[in-house]
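The values are calculated or read from the model by the stated rules, or taken from the named source; none is laboratory data. Model, not experiment: these values are computed from the prediction. We place every Cβ from the backbone using ideal geometry, glycine too, and count neighbours over all the protein chains shown. In case anyone asks, the SASA skips ligands and DNA or RNA and just uses the protein heavy atoms, side chains included. Shrake-Rupley method; radii C 1.70, N 1.55, O 1.52, S 1.80 Å.
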Amino acid sequence: GIQVEQSPPDLILQEGANSTLRCNFSDSVNNLQWFHQNPWGQLINLFYIPSGTKQNGRLSATTVATERYSLLYISSSQTTDSGVYFCAVTTSGTYKYIFGTGTRLKVLA
Amino acid sequence: NAGVTQTPKFQVLKTGQSMTLQCAQDMNHEYMSWYRQDPGMGLRLIHYSVGAGITDQGEVPNGYNVSRSTTEDFPLRLLSAAPSQTSVYFCASSYHQNRAGELFFGEGSRLTVL
């Protein structure tokens with residue numbers, strides 16, 4: 001099955017810093033999403049982005065499907081950005097969303 | 001819209017007991033699924049359904065049963081709980097598994113098996 005790897009696994013930032021999180025996948029995908037799991041365990045939808053670029057405030061994401069990766073950019077980070085960031089994908093012909101290993105982000109005040 | 005609703009939020013079981021985790025969505029989504037998340041880990045797919053009467057296995061189906069008698073509901077059954085099933089369980093749904101298939105999650109159910 002498809003492999004989904006995220007990097008870095010852990011990241012510590014000072015408030016106000018920028019960061020880039022990466023999601024690599026081993027096969028072509030027809031769905032890709034980014035989620036933020038906050039410290040209370042809730043999974044929050046950030047982007048549904050099977051291809052192209054999207055922006056929402058301080059966050060943006062780019063998926064280059066032909067090269068099998070997606071990037072999540074966080075600018076001017078805030079302590080509320082702390083948590084775990086997951087990407088999840090489905091492949092053509094399947095109905096299974098497979099999750100990546102996650103990036104654990106801690107933003108220090 | 002309530003979105004995806006899971007009950008109960010917390011449950012403690014003894015080994016060998018059975019229980020059902022409930023999941024309901026009011027968005028008329030065709031696709032529903034169950035995931036488990038172990039401490040410090042990502043989410044692993046247990047079972048999923050692409051419509052009423054249709055279910056299939058995910059990555060870790062053993063020890064769990066599902067059924068889909070209505071579009072709205074997708075219960076997860078543990079027939080004989082084991083300590084290895086201690087985890088946080090998430091239900092998720094989406095409109096359809098195509099390019100419009102954005103996945104929405106419930107708030108999770110924390111299960112402890114003693």
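Taking R0 as 41 Å, what FRET efficiency do you get between A:Ser92 and B:Lys14 from their Cβ-Cβ distance, rounded to the nearest 0.05?
Numbers: r = 44 Å, r/R0 = 1.06.
E(calc), rounded to 0.05, equals 0.40.
Mind checking the stretch B:32-114 for trypsin sites (Lys or Arg not before Pro) that DSSP puts in a loop (not H, G, I, E or B) and that have at most 11 other Cβ atoms within 10 Å?
Working: sites: B:Arg36, B:Arg44, B:Arg68, B:Arg77, B:Arg99, B:Arg110; in loops: B:Arg68, B:Arg99.
Sparse-neighbourhood loop trypsin sites (Lys or Arg not before Pro): B:Arg99.
Note down the relative contact order for the stretch B:51-114 as a percent, whole number, built from C-alpha pairs under 8 angstrom at least six residues apart. Could the numbers behind the result be given before it?
Working: 83 pairs, mean separation 16.7, N = 64.
Once divided by the residue count of the stretch B:51-114, the mean separation gives 26 percent.
Considering only protein heavy atoms, what is the solvent-accessible area of B:Met19 at a probe of 1.4 Å, reported in Å² to the nearest 10?
Rounded to the nearest 10, that gives 30 Å².
Any idea what the alpha-carbon Rg over 2.2 N^0.38 Å comes to for chain B? Walk me through the intermediate numbers first.
Details: Rg = 13.3 Å, N = 114, 2.2 N^0.38 = 13.3 Å.
Against the compact-globule rule of thumb, the ratio is 1.00.
Looking at the stretch A:1-79, which trypsin sites (Lys or Arg not before Pro) are DSSP coil and have at most 15 other C-beta atoms within 10 Å of their C-beta?
Working: sites: A:Arg22, A:Lys54, A:Arg58, A:Arg68; in loops: A:Arg58, A:Arg68.
Filter output for the stretch A:1-79: A:Arg58.
Radius of gyration and Dmax for the stretch B:36-79's Cα atoms, expressed in Å?
11.2, 34
Would you mind listing how long the protein assembly as shown runs along its three principal axes, going by Cα atoms, in whole Å with the largest first?
Sorted largest first, the three principal extents are 49, 37, 34 Å.
Can you tell me the dipole magnitude for the protein assembly as shown around its Cα centre, using point charges on the Cβ only (Lys, Arg +1; Asp, Glu -1), in Debye to the nearest 20?
On the way: 15 positive and 15 negative charges, 55 e Å.
Dipole of the protein assembly as shown, to the nearest 20 debye: 260 debye.
Taking θ as phi - 60°, what are the ³J(HN,Hα) couplings along the stretch A:5-13 by the Karplus curve (6.51, -1.76, 1.60), each to the nearest whole Hz, with x for Gly and Pro?
10, 10, 9, x, x, 9, 8, 10, 10
Treating cross-link reach as a plain straight distance, find the lysines whose alpha-carbon is under 27 Å from the alpha-carbon of A:Lys106, omitting any fewer than eight places away in the same chain.
Partners found: A:Lys54, B:Lys9.
State, to one decimal in nm, how far the label point of A:Tyr73 lies from the label point of A:Gln42, with both points 7 Å from Cα in the Cβ direction.
2.7 nm
Please check: in the Gaussian network model of chain A (C-alpha springs, under 10 Å), which one of A:Ser75, A:Ser19, A:Ser92 has the largest mean-square fluctuation.
A:Ser92
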